[in-house]
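The values are calculated or read from the model by the stated rules, or taken from the named source; none is laboratory data. Treat the numbers as computed from the prediction; the structure is a model and nothing was measured. All Cβ positions, glycine included, derive from the backbone under ideal geometry; neighbour counts span all protein chains shown.
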Amino acid sequence: RVIKVYVKPLYRGDIKTGIVIVHRDITWEYEVDKMKSEFVSTVSHELRTPLASVLGFTELMLNRELKPERQKKYLTTIYQEAKRLTSLINDFLDVQRMEAEKQAYDKKYEDIIPLIRNVIDIQQVQTSKHQINLISNTENTMILGDKHKITQVINNLLSNAMKYSPDGGDIGITVYEEGPVLKVDIRDEGLGIPADAIDKLFTKFYRVDNSDRRQIGGTGLGLVIVKEIMQAHDGEVTLTSELKKGSTFTISFPLVIGLAAKQNERLISE
Ligand code: ADP
């Protein structure tokens, strides 16, 4: 813990009669300060790397006569690095925004199935190596949630499932009830996660540093965003994983039953 100690002399007239000692626990302020400066240094480092290659390759193209194949090669790199910059900036902004507006969730009763389907439709067209399957084992697929935030959760988990299974494979999404909870499993047949990394996965900027995934880009923020959003929905995110076999990420929501009654409640309260 970090304690700040103030010592003040006490006077009666001109005579010092004693001292007052005040202890203030500033651990939290200290940690927030530390996190902020770490954040700033990581952000500047992460942004500088792709920017440097965009600049480097543009300079090359401006200053030299290049064959069309070379030009195409450099342009492809510039394009990829610019795309990486965009996704880095989006992740950083999401984390910052999330911290600034913790309360700004617009929760409504939503069926989670169409939300999942929308994400699958967008992601399936980007891959021919993965087959994404959705199964629901329950009729109670309503949640009380912010549609955009939940879409972001599913999007982050599904894009991780694809990104970390570079050789392809099936990705299974299963929706089911377990006690008072509605769960969604997102299962891949990819690289898996080492046991000693599991506890750290939800920490800002943490990325597993195995040789098999060094080439895969990312910020180490996707799962932090998932965890924050799930907590704001009175839910959670958990996972099981086996190295080289695959991973299953599970998100859980409080179960909403008696949909008609809930919808009435909403109509009345609106
Ligand atoms: P990023 O993908 O940007 O690194 P995330 O917060 O989404 O950040 O994930 C943190 C780390 O967890 C990743 O670096 C990756 O090594 C590991 N990881 C996440 N999802 C999976 C998955 N489905 N399979 C294997 N590893 C994963």
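Yes or no, residue by residue, for (1) in contact with a strand residue (DSSP E or B) (Cβ under 8 Å, 6 or more places away or on another chain); (2) of a type in the set (A, V, I, L, M); (3) loosely packed, with under 12 Cβ neighbours inside 10 Å; (4) under 20 Å from Ile216 (Cα atoms):
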{"site": "Thr58", "(1), (2), (3), (4)": "no, no, no, no"}
{"site": "Arg64", "(1), (2), (3), (4)": "no, no, yes, no"}
{"site": "Arg70", "(1), (2), (3), (4)": "no, no, no, no"}
{"site": "Glu81", "(1), (2), (3), (4)": "no, no, no, yes"}
{"site": "Arg84", "(1), (2), (3), (4)": "no, no, no, yes"}
{"site": "Ile89", "(1), (2), (3), (4)": "no, yes, no, yes"}
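Scoring Ile143 on the criteria (1) over 17 Å from Val237 (Cβ atoms); (2) among the aliphatic types (A, V, I, L, M); (3) more than 15 Å from the ligand (Cβ to nearest atom) leaves a single failure, condition (1). When the residues of segment 206-248 are filtered to those that are touching a Phe, Trp or Tyr at 6+ places or on another chain (Cβ under 8 Å), assigned to a helix (DSSP H, G or I) and more than 16 Å from Ile186 (Cα to Cα), the one that is modelled with the lowest pLDDT is Arg213.
For segment 172-224, a residue qualifies if it is touching a Lys or Arg at 6+ places or on another chain (Cβ under 9 Å) and either more than 9 Å from the ligand (Cβ to nearest atom) or among the aromatic types (Phe, Trp, Tyr) (or both), and the qualifying residues are Gly172, Ile173, Thr174, Val175, Tyr176, Glu177, Glu189, Phe202, Tyr206, Asp212.
The single condition from (1) part of a strand (DSSP E or B); (2) surrounded by fewer than 17 Cβ atoms within 10 Å (Cβ to Cβ) that Asp185 fails is (2). Within segment 202-210, at least one residue is of a type in the set (D, E, K, R) and either crowded, with 16+ Cβ neighbours inside 10 Å or in contact with a Ser or Thr (Cβ under 6 Å, 6 or more places away or on another chain) (or both). When we screen Thr58, Thr86, Thr49 for residues that are at pLDDT 85 or above, farther than 30 Å from Ala232 by Cβ and of a type in the set (Ser, Thr, Tyr), the only hit is Thr58. In the condition set (1) of a type outside the set (A, V, I, L, M, F, W, C); (2) touching a Lys or Arg at 6+ places or on another chain (Cβ under 7 Å); (3) touching a residue at least 24 places away in the same chain (Cβ under 8 Å), Asp91 is compliant with all but (2). Regarding segment 229-240, can at least one residue be identified that is near the ligand (Cβ under 9 Å from one of its atoms) and buried (at least 20 other Cβ atoms within 10 Å of the Cβ)? Checked against the condition, which is being near the ligand (Cβ under 9 Å from one of its atoms) and buried (at least 20 other Cβ atoms within 10 Å of the Cβ), segment 229-240 yields no hits at all. When segment 106-161 is filtered for residues that are in a strand (DSSP E or B), modelled with pLDDT under 95 and hydroxyl-bearing (Ser, Thr, Tyr), only Tyr109 remains.
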